[in-house]
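Before any comments, here is the structure.
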Amino acid sequence: MLGEYRISGRRAAEISASIERAVGDGALQPGELLPPLRQLAERLGVNPNTVAAAYRTLRERGVIETAGRRGSRVRPKPATTARDLMRVEVPPGVRNLAEGNPDPALLPSLAAAFAAAAAEGDREPVLYGQAPVEPELARLARAGLDADGVPDGDVVVTSGALDAIERVLMAHLKPGDAVAVEDPGWGSLLDLVPALGLRTVPVGVDDEGPLPDDVRRALAGGARALVVTDRAQNPTGAAVSAGRAGELRAVLSGHPGTLLVEDDHGHHIVDLPLHPLAGVTRHWAFVRSAAKAYGPDLRLAVLTGDPVTLDRVRGRQRLGPGWVSRIVQRAVARLWREGAVDPAAVAARYGRRRETLISALAGHGVVAHGVSGMNVWVPVPEETGVVARLLHAGWAVAPGARFRMRAAPGVRVTVSGLREEEAGALARAVAEAVGGGGLCGRTSEVAGVRAGRGGRAARRSGVPPLSASLEREGPP
């Protein structure tokens, strides 16, 4: 423990600065165990409360994590080290299927909607003290939520899905609390949780969503919150089925104090019905983003939830940005009202691209997953070599390390920019990169995500559902 490094300081700020400086310099390594409070207090000749305050500061800054009686450790990965740094540098001439962006050709034109919203703003300027939510946007959002079976609640507008999730987590949790998250899962969320001083607890995923047994273990082990992606899960394309939703609600009913956060960022780009979990626990939030269907630069999501959660989010938002631009809100409301996006047509386009690639990969004996959204997840024996070989062959894909904790290796292919006639060439390149179909017959050993019962990706590709328990390895 600590090797040769000696923590110094008499005040909490000095002790925390000493530890943080050592982490930055490499004198304290990721995963290294820090001394117990009383032991360090005795060594430094200070009150244990002083050391406790120092450790609390370090947790809040994301430098260390505390796991009850197992003590405090330097975080395995500094919270400021974004998973986006694992991006592949794409040279000219290489097809970029790594970024996770929607197809610009399927996004609506924004000019008319913003011109109309700006003109309305000229006639009736929005000033301090006015309502933070555009009434028409709230009406349209609530109508859509009602149609999808999301429990009743007011509407709050945030600057995108991640902003909403951050505000909800901070409204209820304190540093050191554990959050159950999908693994593989959204890389930005996997960075956000530790950056808030919280601990991540990985939950396995198959084509139908989070695995109920994993969720049960996480909540029984003390996780205070659960974040679930309802559809178009990033990176696997999973979508919570009706059966899985029933199983998860049953698990949550045994833990009514859990904070449930649902992310429906796939709204208007998927053709699968929503099966919300909200309403089982006392505190819940449901987030619906406009980014994938209408454009990432809109930076807008609508949030509903229980009254306490919404009140806390609104109160904290007032002390920060105040509100999301009403001009943007009016523009999005106009896009929704006028049907600027045909959800069925967009979902069908993305669906054909996913299915064409999954089928082509299956023809080479390569398993792939993706029942919804714009991504396909391909389990691989190891990521670095596969990504490098594909890059050499002219294809850029995202390494799975950006999206996983304990899940087995894989790569994410974003099909939004993939032409259907390119699927065959890409599938051949993937098969060669992973060893000429070496995954065939070895799915239970290498899959980072399992095909759920009746998983559509498995049926379409001719690959049987995976049911074996997986040996998971950490990110390289």
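Would you check if Gly176 is assigned by TED's automatic domain parsing to the domain that holds Arg282, in contact with an Asp or Glu (Cβ under 9 Å, 6 or more places away or on another chain), surrounded by 18 or more Cβ atoms within 10 Å (Cβ to Cβ) and at pLDDT below 95? Here the answer is yes, as Gly176 does meet what is asked.
Summed over the range 191-232, residues that are buried (at least 24 other Cβ atoms within 10 Å of the Cβ), in a helix (DSSP H, G or I) and modelled with pLDDT under 95 total 1.
Within the range 18-34, can one find any residue that is touching a helix residue (DSSP H, G or I) at 6+ places or on another chain (Cβ under 8 Å) and at pLDDT 90 or above? There is at least one residue in the range 18-34 that is touching a helix residue (DSSP H, G or I) at 6+ places or on another chain (Cβ under 8 Å) and at pLDDT 90 or above. Scanning the range 191-207 turns up no residue that is among the basic types (Lys, Arg), over 16 Å from the mean Cα position of the chain (by Cα) and closer than 24 Å to Ser72 by Cβ. Could you tell me which numbered condition Val324 fails, if it satisfies all but one of (1) touching a residue at least 12 places away in the same chain (Cβ under 8 Å); (2) under 30 Å from Leu426 (Cα atoms)? If we test Val324 against (1) touching a residue at least 12 places away in the same chain (Cβ under 8 Å); (2) under 30 Å from Leu426 (Cα atoms), just (2) comes out false.
Does Glu338 satisfy the condition of being crowded, with 18+ Cβ neighbours inside 10 Å and of a type in the set (Asp, Glu)? Give the derivation first.
On the way: crowded, with 18+ Cβ neighbours inside 10 Å: no; of a type in the set (Asp, Glu): yes.
No.
Of all residues in the range 104-136 being in contact with a Leu (Cβ under 9 Å, 6 or more places away or on another chain) and outside any helix (DSSP H, G or I), which is surrounded by the fewest Cβ atoms within 10 Å (Cβ to Cβ)?
So in the range 104-136, the residues in contact with a Leu (Cβ under 9 Å, 6 or more places away or on another chain) come out as 108, 110, 113.
If we keep only those that are outside any helix (DSSP H, G or I) too, we end up with 108, 110.
Numbers: Pro108: 17, Leu110: 19.
In this case the residue turns out to be Pro108.
When Thr200, Thr229 are checked against the criterion of being closer than 22 Å to Leu303 by Cα, in contact (Cβ under 8 Å) with a residue 24 or more places away in the chain and of a type in the set (Ser, Thr, Tyr), Thr229 stands alone in meeting it.
The values are calculated or read from the model by the stated rules, or taken from the named source; none is laboratory data. All of these numbers come straight from a predicted model, not from anything done at the bench. Positions of Cβ are generated from backbone atoms using ideal geometry, with glycine treated the same way; all protein chains shown enter the neighbour counts.
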